[in-house]
1. Can you sort 54, 136 so the residue with the fewest Cβ neighbours within 10 Å comes first?
2. Which residues' amide hydrogens lie under 5 Å from the amide hydrogen of residue 173, considering only partners 5 or more residues apart or on another chain, with H built in the peptide plane?
3. How would you rank 173, 56, going from fewest to most other Cβ atoms within 10 Å of each one's own Cβ?
4. How many nm separate the modelled label positions at residue 72 and residue 97, each set 7 Å beyond the Cα in the direction of the Cβ?
5. In whole Hz, what ³J(HN,Hα) sequence does the range 106-119 give by Karplus (6.51, -1.76, 1.60; θ = phi - 60°), x for Gly and Pro?
6. What pairs from 38/88; 94/152; 38/94 go past 27 Å between their alpha carbons?
7. Under a plain spin-label model, where a point goes 7 Å from the Cα along Cα-to-Cβ, how far apart in nm are residue 141 and residue 124?
8. Could you go through the range 128-142 in sequence order and give the Karplus-derived ³J(HN,Hα) for each residue, using 6.51 cos²θ - 1.76 cosθ + 1.60 with θ = phi - 60°, rounded to whole Hz, and x for Gly and Pro?
Amino acid sequence: MDLLKKFLGRKKQERAAPFCTAVIVAAGTASRMQGIDKILCPMGNYPLLLYTLIPFQNSDSVDEIVIVTREDLMLPIGDLCRREGMHKVTRIVKGGASRTESVLEGLHAADPKADLVAIHDGARPFLPPEVLEHTIETARTRGAAAPAIPVKDTIKVAKDGVVQATPDRSAMFFAVFKSLANIADSTFLAQLHWSSNIYNMMPFIASMIILAFTSKNSMAPKAEGIPYDKGSR
């Protein structure tokens with residue numbers, strides 16, 4: 001009985017502190033910035049990427065950081081991490097042709113013993129530590145989590161250039177960072193190779209399904225029939 005208690009107690013302790021890998025995706029081509037690379041763009045005295053990394057570096061819940069970036073940025077980012085003491089950065093890997101492929105490269109580079117994987121955009125600095133911690137804890141208990149903030153903009157649903165509906169903003173949220181999923185319980189999907197992508201996209205797929213079935217109930221009568229003008233946005 002004592003041996004059984006010892007075994008169960010050890011399992012409980014291990015699950016209370018899952019190994020968490022943060023995958024920071026920073027492999028964009030800077031096309032929207034007209035060639036100015038925002039990842040290493042200086043903000044104050046430091047590059048933007050450093051402000052993105054700090055919350056993960058300082059978090060007791062994050063065990064390692066994997067950075068996915070362009071090939072030409074691998075050395076500069078490596079130098080930055082060494083210089084600024086980002087010791088949780090264990091790997092810097094080359095991204096793919098799309099964001100999805102870059103995320104997959106980051107997942108492949110994660111430590112095999114990772115229970116949780118947090119995916120975050122390298123160009124989104126200043127993530128509040130409490131948001132990160134709450135998201136990791138929620139993912140630990142629920143299997144997956146995606147932090148979000150209420151949408152403040154007015155959203156219009158349009159078809160053929162005509163506004164059809166105005167969804168209720170109280171039911172809509174903007175994702176703060178992409179997703180954090182428990183990969184320990186998706187073993188049979190992992191064998192299909194693409195399972196991690198689908199698993200991490202589930203919160204967004206669920207949101208789209210919910211909106212598809214609820215948007216009709218939030219229609220604004222005054223907005224119906226108004227021609228949709230892109231230039232007025």
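A short reminder: the numbers here are calculations on the coordinates, not readings from a lab. Just so we're clear, the structure is a prediction, and the values are computed from it rather than from any experiment. We place every Cβ from the backbone using ideal geometry, glycine too, and count neighbours over all the protein chains shown.
1. By the 10 Å Cβ count, ascending: 54, 136.
2. Counting only residues 5 or more places away or on other chains, the set is 151.
3. By the 10 Å Cβ count, ascending: 173, 56.
4. 2.0
5. x, 5, 5, 7, 5, 4, x, 8, 5, 8, 10, 10, 9, 10
6. The answer is 94/152.
7. In this crude label model, residue 141 to residue 124 measures out at 2.2 nm.
8. Karplus-based 3J(HN,Hα) across the range 128-142 equals x, x, 5, 5, 4, 5, 5, 5, 4, 5, 5, 5, 5, 8, 9 Hz.
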